[in-house]
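Right, one structure below, let's go through it.
The values are calculated or read from the model by the stated rules, or taken from the named source; none is laboratory data. None of these values were measured; they are calculated from a predicted model. With ideal geometry, Cβ positions are generated from the backbone for all residues, glycine too; neighbour counts draw on all protein chains shown. Ligands, DNA and RNA are excluded from the accessible area calculation, which covers all protein heavy atoms including side chains. Shrake-Rupley method; radii C 1.70, N 1.55, O 1.52, S 1.80 Å.
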Amino acid sequence: MIERQQCLLTGATGYVGGRLAPRLLADGLSVRALARTPSKLYEAPWLNDANAEVMRGDLSDLDSLLQAFDGMDVVYHLVHSMSTESDFAEEERHSAHNVAEAARRTGVRRIVYLGGLHPENSPLSEHLASRAEVGEILIDSGIETIALQAGTLIGSGSASFELIRHLSERLPVMTTPRWVHNKIQPIAIDDAMHYLRQAATVEVPESRTWDIGGPDVLEYGDM
């Protein structure tokens, strides 16, 4: 009998994590969701699965991660800060180092990270630069790491998608900021889910980043 892969999921209360958990369970994997406030997940339908559980933990608290990571094969790191506070990048950096250290100490086989798609050798926003740095920390951790770099996620409920839909429905004519001319490569949420699901078990030659995006490159304004 083949043992189930044990997956720990950070960010299970978020848009991506909340959709990924039931899909991993459907794939025959076990899911342990990490949450600072477990009660936020108690009504999630997928927690009724016998192979799902939620454990209290905080990415800033290494001891809590050591307990939660124990016995896990794969750790999904899906938590991103949307804060505009000056220290948000330091918080993400600290969390990434804790994830890497806990994975090393507990024998986690693989880390899967979802970051942001970005051009090489170009100035990045503070948030994109932080996402890229987190990916580098995890890749350099010594734990096999798959760092997926995704474009704008297109799907009902996605923050970026809902913002665009709200603006286009409410304001047929508007004065726009310069960033609407930035190039993007959006990806459907179902396609992003495919890559995340496969990342738990697919064989890879080395720890590295993979860019994931849809077939179209366009400006925000065009989308």
Seminar exercise, completed: The condition of being in contact with a Phe, Trp or Tyr (Cβ under 8 Å, 6 or more places away or on another chain), over 25 Å from Glu144 (Cβ atoms) and either of a type in the set (A, V, I, L, M) or touching a residue at least 12 places away in the same chain (Cβ under 8 Å) (or both) holds, among Val54, Val108, only for Val54
Seminar exercise, completed: A careful count of residues in the range 61-92 that are charged (D, E, K, R), at pLDDT below 95 and within 22 Å of Cys7 (Cα to Cα) gives 1
Exercise. What number of residues in the range 82-95 are surrounded by fewer than 17 Cβ atoms within 10 Å (Cβ to Cβ) and touching a residue at least 24 places away in the same chain (Cβ under 8 Å)?
Worked result: 5
Seminar exercise, completed: Only one of Leu196, Leu167, Leu148 is surrounded by 11 or more Cβ atoms within 10 Å (Cβ to Cβ), modelled with pLDDT of 90 or more and part of a helix (DSSP H, G or I), namely Leu196
For this session: Go through (1) assigned to a strand (DSSP E or B); (2) out of contact with any Phe, Trp or Tyr (no Cβ under 8 Å at 6 or more places or on another chain) and name the single condition Val31 misses.
Result: (2)
Exercise. Quick one: how many residues across the range 96-133 are crowded, with 22+ Cβ neighbours inside 10 Å, of a type outside the set (Lys, Arg), at pLDDT 95 or above and not in a loop (DSSP other than H, G, I, E, B)?
Worked result: 9
Problem set entry | Scope the range 134-143; condition of a type outside the set (A, V, I, L, M, F, W, C) and either under 16 Å from Asp70 (Cβ atoms) or crowded, with 20+ Cβ neighbours inside 10 Å (or both); matching residues | Gly135
Seminar exercise, completed: Subset of the range 37-64, residues closer than 27 Å to His94 by Cα and either open to solvent by less than 30 Å² (accessible area, probe 1.4 Å) or touching a strand residue (DSSP E or B) at 6+ places or on another chain (Cβ under 7 Å) (or both), comes to Pro38, Leu41, Glu53, Val54, Met55, Arg56, Gly57, Leu59, Ser64
Exercise. Any residue in the range 16-36 that is farther than 20 Å from Met193 by Cα and open to solvent by less than 30 Å² (accessible area, probe 1.4 Å)?
Worked result: yes
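Whether any residue in the range 65-79 is under 16 Å from the mean Cα position of the chain (by Cα), of a type in the set (Ser, Thr, Tyr) and open to solvent by less than 20 Å² (accessible area, probe 1.4 Å) is what I want to check. Let's see the steps before the verdict.
Step one: list which residues in the range 65-79 are under 16 Å from the mean Cα position of the chain (by Cα), which gives 74-79.
Subset that is of a type in the set (Ser, Thr, Tyr): 76.
Of the ones still in play, those that are also open to solvent by less than 20 Å² (accessible area, probe 1.4 Å) are 76.
So far as the range 65-79 goes, yes, one or more of its residues are under 16 Å from the mean Cα position of the chain (by Cα), of a type in the set (Ser, Thr, Tyr) and open to solvent by less than 20 Å² (accessible area, probe 1.4 Å).
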